[in-house]
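Okay, structure first, notes after.
The values are calculated or read from the model by the stated rules, or taken from the named source; none is laboratory data. From a predicted model like this one, the values you see are computed outputs, not experimental measurements. As a convention, Cβ positions derive from the backbone with ideal geometry for all residues, glycine included, and neighbour counts pool all protein chains shown.
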Amino acid sequence: MALADQDQSTPVGPAGLSGSRVVQALLVAAIILTVLRPWLPDGLVRAPEWMLLPWRDWIDTVFQYVTFDLGFINVTRFLSGGLEFVLDAVANILYGRARWPRFEAVPWTVVASIAAVLGYALGGWRLALLTGATFVWAAVVGQWKWTMETLSVVFVAAPLGFLLGGLIGIWCWKSKRVEETVKPLLLVMQVLPFFSYLLPAVIFFKVGPTAATVATMAYSLPPMILMTTIGLKKVSPEVVEAGKMSGCTRWQMLRHVYIPSARSEILVGLNQVIMLCLAMVVLTAAIGMPGLGAKLLEAMGSFKLGRAFEIGVTIVLLAVVLDRLSKAWVVNLPEHFERGTPWWRRNIYLVIGVTLFIVFIGLSLMVSGMKPQPIEDAGFGNWFVGILDEVHRKEAMSQGKVYDRAIKDFLSLDAVTSVTGAIRYFVNVYILIPTERALLFVPTLAVIFAVTALAYRLGGKGPAILGFVFFCIVAQFGYWDRAMLTLHSVFMAVLLAVVLGAPLAIFASRSEKRAKRTILLCDTFQTFPSYVYLLPAIMLFGISPVTVILSILIYTMVPIVRYTLEGLRGVPPELTEAADMSGATRWQKLTQVQFPLAMPTIAVGVNQALVFAFFMVIIAEFIGTRDIGQEMRRTMAGTELGWNFVLGFSVVFMALTFDIAINAWAEKRRKLLGLA
Amino acid sequence: MNFVKSLAVGALALAPVSAFAAAHNSSDPIVIPIHNWSSQIVMSNVVGQMYETMGLNVEFVTTDSQAVYESIRLGDVTLELEVWEGAFGASYRAALAKGGMVDAGAHNAVTREDWWYPSWTADACPGLPSWEALNECADLFKTAETGDKGRYLDGPVDWLKHGKERVDALGMNFTVINAGSAAALWAEIAAAEKDKKPVVVFNWTPNFAEAVWPGAFVEFPEWEDGCDKDPSKGPNPDALYDCGNPADGYLRKVAHKDMTSKWPSAYCVLSNISFNNAQIAEMARLVDVDELEAEDAASEWLGANGSVVQPWIDACA
């Protein structure tokens, strides 16, 4: 790993051994074991059969006992009952689901125009245009109902995730103890493979929008919590002093001093909540998320790439709009009016909104009870008003078929297929398959030693011991080869992401405009459903390791670019100026000033990339893999919960090891640089 | 749509519409699961619309096609219309054994799930569909990753297809690679189509691919009962899975155990329902080829096939 750092003071190991000695000893042991492998007894190559404990049965028994005998399911079902009520009400308002308060579906024109007014109120005409256009797009391409179905869950999951995450974040900031308990839990939640969530989610929270909301929150809470805590911790003592001097109560301190000062971090958290909510739209379709995600999967199932693409565009647009709206809302300062300003003037946006609402509802009443008719029969006026009420699928200007042709034609161009064919051959045959074989050749114990050494080098004694224990647990879970294949894909994807992402981030950091565009690109890739490009990737690269790694790569690039950019831009201008004045070249400035200072932030990015990679490597089973993901798929037949969790936790323990080591390293670095 | 009227009606429950609703069927919605392949989606909508004409409430929920059996057991989902013997047999049997789910009989349709090739493959390997001829041509199916063996692209592992066991049992010169999803299989067939590259993949009928890519199943030694449990069955006396899959697998319907008492008429209709292969293929075609939305496809299919479904409903009045 490129993070290892030469001039760092070496930690002192047990019994007076210096840290680097321990690392060397472990690595030498690993190498000796590997070299001797052909002569080693089987029991030393892989964990022997008698060491594997019957975790599967134990987990099944405990799960059964806690869920049904102790009645834990009643608690979760009670909670999901409350959640369901809220979800149903929102669903009724947005698309007329037959639940309380039993309105009928609102015409799309009403939603679109009110959204545009909201956009204007929060962020001016640009935001109004973006918001309005997004909703008009959804209606015009015939995805209105699905969009509303999706939003009915997002509108509950995102605010809930934001609030809950913020609250837990504040709690973690208040109490070190809470923070220490919550942090590892969050990580487990994030890296526990999605296939492990499927069954518990539908058992505990009922298949449907409720299970989808809970699963979405499980993924979107962690960044919110972490960012809130980081932001609050960073508030400068001067600001705190000023607050105290003006006699703030504790609540006032929090409300008016801490939270506003931590605004930029909280905003990043909010951005991630929204991005992750929309990124989960497709996956959660498996547990009852209605709308766009389910339709996208349906389109993929009958190989309609164009249709799937169109739906993917809608999901990205929604993500961008919601992100911009929420940011504008948080940043917006209260407006002050002169005394005597009339009521309607003060509430001008409310007035416009209500007016538009009444106008479009009125129009839709005119056509109520009318069957949709072709324009020739109805006359233009009626047809047009009908369209304002509801765009039927047949009238929609969906270009699915056109995109479909375009995509498929492009994918069968000789120029394209010959290049990708060559890449596929070279990368698979000369890089990925040999490295896979090599990793499978290495004895289990040697891998454990090597990982321990790496953890020691990065984080010191504590992380090394944890890493050793965690990997031993993985070994005795009994799916070592599959775990190694998983690790292989993860490492390759992260490595590639660093190689490709770091230069991109450096390029982007050179100007404000580029940085903005790059961040938009990051948001797009994070929310554009990966399923859409999986199929073209399969057509080009086949069902093979290179396709798997490419699909993970797209996700791992995002945090690498985002955080490297953030880190480089966060370098104080005084320091870069000082470097300029002492006559440093651009390269020197980059390697000696900017990168060292940005490294702790970049490390967070690498860590995020690893977490994302561990998440995506399992999803890549959609293509076809031979790793843990594939075995997890096998557990889906016959609902083998215990088996599923053994596999899920094999992934969790591997991810935890790297996360802990890298975080410890970043923390040390920050202290060293005086940033913490 | 009538927004104001609905405001007025407000929280009033829907009035019973027909004899069925009066016959002590619960007014709670019957929850029908939707998966990600067209025939299942259209069929679910067809049955949903049948229930609605009977005055029952229906709701749809999208779910995973394996995890759905746990939801049926718990009663969160009321029924399932497409239980494929091959792909979902294991989950179905496990759920039945744990209790909470009842079997509502089989469709008339038979399913076949086996090795399959698109028609252009036969040009390159004229001995097809015999499996021995396929084995002779193994060279044609090589890929970068499989070296000098041919590649057979099997279905996702949770469909439990035993492709690898069959290759071993019959001593075939093939490597089995598992695709992760139906869509991944389609992508591979589509990519092969351009250069008419020979491929042999897992496929099944009835489904949408038949209409897009004509092809045929590979003929393996015919299935004998016990081929998966008794080594002596099939040509290789020492191995399991040395036969083709049954060419007439079942397609069943199941329901939550309380459906019989909560919506007796609906359950009665469910047990009468029996679609055949042609009807299922037609439902899929309306979506896959005619590009209708599932709901519209269901209405259209019902419009043309009212005489098929009406007796099933009438028998339960």
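Looking for whichever is more than 21 Å from the chain's Cα centre (by Cα) and buried (at least 24 other Cβ atoms within 10 Å of the Cβ) here; the options are A:I203, A:I274, A:I287, A:I259. Which one fits?
Numbers: A:I274 fails: more than 21 Å from the chain's Cα centre (by Cα); A:I287 fails: more than 21 Å from the chain's Cα centre (by Cα); A:I259 fails: buried (at least 24 other Cβ atoms within 10 Å of the Cβ).
Only one candidate qualifies: A:I203.
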request  = Specify the residue that is farthest from the chain's Cα centre (by Cα); the eligible residues are those in region B:259-290 that are surrounded by fewer than 16 Cβ atoms within 10 Å (Cβ to Cβ) and under 30 Å from A:K304 (Cβ atoms).
outcome  = B:D290
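Kindly provide the set of residues from region B:252-305 that are part of a loop (DSSP other than H, G, I, E, B), farther than 20 Å from B:A95 by Cα and in contact (Cβ under 8 Å) with a residue 12 or more places away in the chain, ordered by number.
Looking only at region B:252-305, we keep the residues that are part of a loop (DSSP other than H, G, I, E, B), and these are B:257-258, B:263, B:273-276, B:289-293, B:305.
Now restrict to residues that are farther than 20 Å from B:A95 by Cα: B:263, B:273-276, B:289-293, B:305.
Listed by number, the residues that qualify are B:W263, B:I273, B:S274, B:F275, B:N276, B:V289, B:N305.
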request  = Could you please let me know if A:L232 is touching a Gly at 6+ places or on another chain (Cβ under 8 Å), away from chain B (no Cβ under 11 Å) and over 26 Å from A:T639 (Cα atoms)?
outcome  = yes
note = Scanning region A:416-433 for residues that are β-branched (V, I, T) and crowded, with 17+ Cβ neighbours inside 10 Å gives A:T417, A:T420, A:V427, A:I433
task = Could you list, in sequence order, all residues of region B:155-170 that are surrounded by 22 or more Cβ atoms within 10 Å (Cβ to Cβ) and within 11 Å of another protein chain (Cβ to nearest Cβ)?
result = B:G155, B:P156, B:V157, B:D158, B:W159, B:K161
request  = Restrict the check to region B:250-257 and report whether at least one residue is at pLDDT 95 or above, within 30 Å of B:E70 (Cβ to Cβ) and over 18 Å from the mean Cα position of the chain (by Cα).
outcome  = yes
ask   = Checking A:L553 against (1) at positive phi; (2) away from chain B (no Cβ under 14 Å), which single condition isn't satisfied?
value = (1)
key: Residues located in region B:45-73, provided they are without any contact (Cβ under 8 Å) to a residue 60 or more places away in the chain and out of contact with any helix residue (DSSP H, G or I) (no Cβ under 7 Å at 6 or more places or on another chain)   = B:E52, B:N57, B:E59, B:V61, B:V68
note = Of the residues in region B:70-101, those that are surrounded by 18 or more Cβ atoms within 10 Å (Cβ to Cβ) and either charged (D, E, K, R) or outside any helix (DSSP H, G or I) (or both) number 13
query = Looking at (1) modelled with pLDDT under 90; (2) within 14 Å of chain B (Cβ to nearest Cβ); (3) surrounded by fewer than 24 Cβ atoms within 10 Å (Cβ to Cβ); (4) not in a loop (DSSP other than H, G, I, E, B), can you tell me which one A:R633 breaks?
reply = (3)
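Restrict the check to region A:564-580 and report whether at least one residue is within 14 Å of another protein chain (Cβ to nearest Cβ), surrounded by 24 or more Cβ atoms within 10 Å (Cβ to Cβ) and not small (G, A, S). Lay out the reasoning, then the answer.
We begin by selecting, within region A:564-580, every residue within 14 Å of another protein chain (Cβ to nearest Cβ); these are none.
The answer is no; no qualifying residue exists.
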task = Would you mind finding the one in B:Y241, B:Y250, B:Y267 that is of a type in the set (S, T, Y), more than 14 Å from every other protein chain (Cβ to nearest Cβ) and at positive phi?
result = B:Y241
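Residue-wise test of (1) modelled with pLDDT under 90; (2) in the same structural domain as A:L199 (by TED's automatic domain parsing); (3) on the phi < 0 side of the Ramachandran plot.
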{"position": "A:L70", "(1), (2), (3)": "no, no, yes"}
{"position": "A:V75", "(1), (2), (3)": "no, no, yes"}
{"position": "A:L83", "(1), (2), (3)": "no, no, yes"}
{"position": "A:L87", "(1), (2), (3)": "no, no, yes"}
{"position": "A:A91", "(1), (2), (3)": "no, no, yes"}
{"position": "A:R97", "(1), (2), (3)": "yes, no, yes"}
{"position": "A:G124", "(1), (2), (3)": "yes, no, no"}
{"position": "A:L129", "(1), (2), (3)": "no, no, yes"}
{"position": "A:V136", "(1), (2), (3)": "no, no, yes"}
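On the given criteria, is A:F337 within 14 Å of chain B (Cβ to nearest Cβ) and out of contact with any strand residue (DSSP E or B) (no Cβ under 7 Å at 6 or more places or on another chain)? Outline the logic, then answer.
Details: within 14 Å of chain B (Cβ to nearest Cβ): no; out of contact with any strand residue (DSSP E or B) (no Cβ under 7 Å at 6 or more places or on another chain): yes.
For A:F337, the condition - within 14 Å of chain B (Cβ to nearest Cβ) and out of contact with any strand residue (DSSP E or B) (no Cβ under 7 Å at 6 or more places or on another chain) - is not met.
What are the residues in region A:181-205 that are more than 18 Å from A:A655 (Cβ to Cβ) and either in contact with a Gly (Cβ under 7 Å, 6 or more places away or on another chain) or modelled with pLDDT of 90 or more (or both), if any? Talk me through it step by step, then tell me what you get.
Within region A:181-205, the subset more than 18 Å from A:A655 (Cβ to Cβ) is A:181, A:198-205.
Matches in region A:181-205: A:T181, A:P200, A:A201, A:V202, A:I203, A:F204, A:F205.
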key: Flag for B:G55 being more than 30 Å from B:C137 (Cβ to Cβ) and either within 13 Å of chain A (Cβ to nearest Cβ) or crowded, with 23+ Cβ neighbours inside 10 Å (or both)   = no
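Return yes when B:W223 is of a type in the set (A, V, I, L, M, F, W, C), outside the structural domain of B:K142 (by TED's automatic domain parsing), closer than 15 Å to B:R112 by Cβ and modelled with pLDDT of 85 or more and no when it is not. Spell out the reasoning first.
On the way: of a type in the set (A, V, I, L, M, F, W, C): yes; outside the structural domain of B:K142 (by TED's automatic domain parsing): yes; closer than 15 Å to B:R112 by Cβ: yes; modelled with pLDDT of 85 or more: yes.
Criteria met by B:W223.
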task = Could you tell me which numbered condition B:Y152 fails, if it satisfies all but one of (1) among the hydroxyl-bearing types (S, T, Y); (2) surrounded by fewer than 22 Cβ atoms within 10 Å (Cβ to Cβ); (3) in contact with a helix residue (DSSP H, G or I) (Cβ under 8 Å, 6 or more places away or on another chain)?
result = (2)
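Would you mention how many residues in region B:171-200 are farther than 14 Å from A:A537 by Cβ, within 10 Å of chain A (Cβ to nearest Cβ) and either touching a residue at least 12 places away in the same chain (Cβ under 8 Å) or among the hydrophobic types (A, V, I, L, M, F, W, C) (or both)?
We begin by selecting, within region B:171-200, every residue farther than 14 Å from A:A537 by Cβ; these are B:171-178, B:182, B:185, B:189, B:192-200.
If we keep only those that are within 10 Å of chain A (Cβ to nearest Cβ) too, we end up with B:177-178, B:182, B:185, B:189, B:192-195.
With the extra rule that they be either touching a residue at least 12 places away in the same chain (Cβ under 8 Å) or among the hydrophobic types (A, V, I, L, M, F, W, C) (or both), the set shrinks to B:177-178, B:182, B:185, B:189, B:192-193.
Total meeting the criteria: 7.
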query = With respect to the numbered conditions (1) under 21 Å from B:L96 (Cβ atoms); (2) among the aliphatic types (A, V, I, L, M); (3) surrounded by fewer than 24 Cβ atoms within 10 Å (Cβ to Cβ); (4) more than 10 Å from chain A (Cβ to nearest Cβ), which one is the sole condition not fulfilled by B:I30?
reply = (3)
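Does B:D238 qualify as being loosely packed, with under 13 Cβ neighbours inside 10 Å, under 21 Å from B:G89 (Cα atoms) and modelled with pLDDT under 90?
Details: loosely packed, with under 13 Cβ neighbours inside 10 Å: yes; under 21 Å from B:G89 (Cα atoms): no; modelled with pLDDT under 90: yes.
Spelling it out, it is not the case that B:D238 is loosely packed, with under 13 Cβ neighbours inside 10 Å, under 21 Å from B:G89 (Cα atoms) and modelled with pLDDT under 90.
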task = Those residues that are among the hydrophobic types (A, V, I, L, M, F, W, C), more than 30 Å from A:L656 (Cβ to Cβ) and in a helix (DSSP H, G or I), I need them from region A:567-613; list them, please.
result = A:L575, A:A578, A:A579, A:M581, A:W587, A:L590, A:V593
message = Being more than 29 Å from B:Q310 (Cβ to Cβ) and within 8 Å of another protein chain (Cβ to nearest Cβ) is the filter here; which residues of region B:63-85 pass it?
response = B:T63, B:D64, B:Q66, B:A67, B:Y69, B:E70, B:S71, B:L74, B:D76
key: Any hit, region B:211-222, residues being within 14 Å of chain A (Cβ to nearest Cβ) and closer than 13 Å to B:T121 by Cα   = yes
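Among the residues of region A:152-162, are any in a helix (DSSP H, G or I) and surrounded by fewer than 18 Cβ atoms within 10 Å (Cβ to Cβ)? Let's see the steps before the verdict.
To start, the set of residues in region A:152-162 that are in a helix (DSSP H, G or I) comprises A:152-162.
If we keep only those that are surrounded by fewer than 18 Cβ atoms within 10 Å (Cβ to Cβ) as well, we get A:159.
Taking every residue of region A:152-162 in turn, at least one turns out to be in a helix (DSSP H, G or I) and surrounded by fewer than 18 Cβ atoms within 10 Å (Cβ to Cβ).
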